[in-house]
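Right, one structure below, let's go through it.
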Amino acid sequence: MTELPTQGRRTEVDSDLEDLAQGVADQVASFLLAVRAIAKGGDSSTAIPLLLLEVSQLLLAGARLGVMTDLVPHEEYEPEAGPDADLDRIREALARLLGPADDYVEVFDPYAMPPDLVPARISDDVAATAQTLAHGLAHHRDGRVDEALWWWQFSYVSSWGSEASAVLRALQSIVAHDRLDADTGTGEIEQLAVADQIEDPIS
């Protein structure tokens, strides 16, 4: 992968944090490339396992950030990182690929009583996660390492960590049904989507 030249002032950070930032940046770049390739490929038979692999690897990087103490950037206000990536085409392509399997139900907060069940879409969550991560990657490529780390950590806790975790559970469930449900016949992904058949358990 070709590295983009950095611009502006490069912030100085501890060497361990520099290594962490580079590792996260590499994983984020790999995730973004993979998601684009999956969406462009148009192969529904491989989209699910490939997304499962990429999201799993991404969450490992996120967990490393989540267990750390709060990272504080040098700048009081977030510098301009440029326009956010427009990922609508990827979202739409993934939605077409996944078909009925795109829709799933997520428990918003497992500690809430009663639990809050929220309808969601894999394509929406993958695109939202990718857009959030791309914002931090723009900071990193512009030399603002501390700002990138802060953004990735904050957004992991506040948004993309839960989004990616929900997607992972949905994808794993599809794979599990495909492998374990002998009564599904052909085992096609389209037949594994149950969102439209799930009755509201609260009613």
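Every number here is computed from the coordinates shown, using simple stated rules; none is lab data. Fair warning: this is a prediction, and the values are worked out from it, not measured in the lab. Note: ideal-geometry Cβ built from the backbone for every residue, glycine included; neighbour counts use all protein chains shown.
When Val145, Val105, Val67 are sorted by how many other C-beta atoms sit within 10 angstrom of their C-beta, beginning with the fewest, the order is Val67, Val105, Val145. Neighbour counting of Cβ atoms within 10 Å sorts the residues Leu52, Leu87, Leu58, fewest neighbours leading, into Leu52, Leu87, Leu58. Maximal additional length on extending the Thr46-Arg169 stretch stands at 42.6 nm, based on 0.36 nm per residue less the C-alpha distance.
Cβ crowding within 10 Å, taken as a proxy for footprinting-reagent exposure, orders Tyr156, Tyr104 from fewest neighbours to most as Tyr104, Tyr156.
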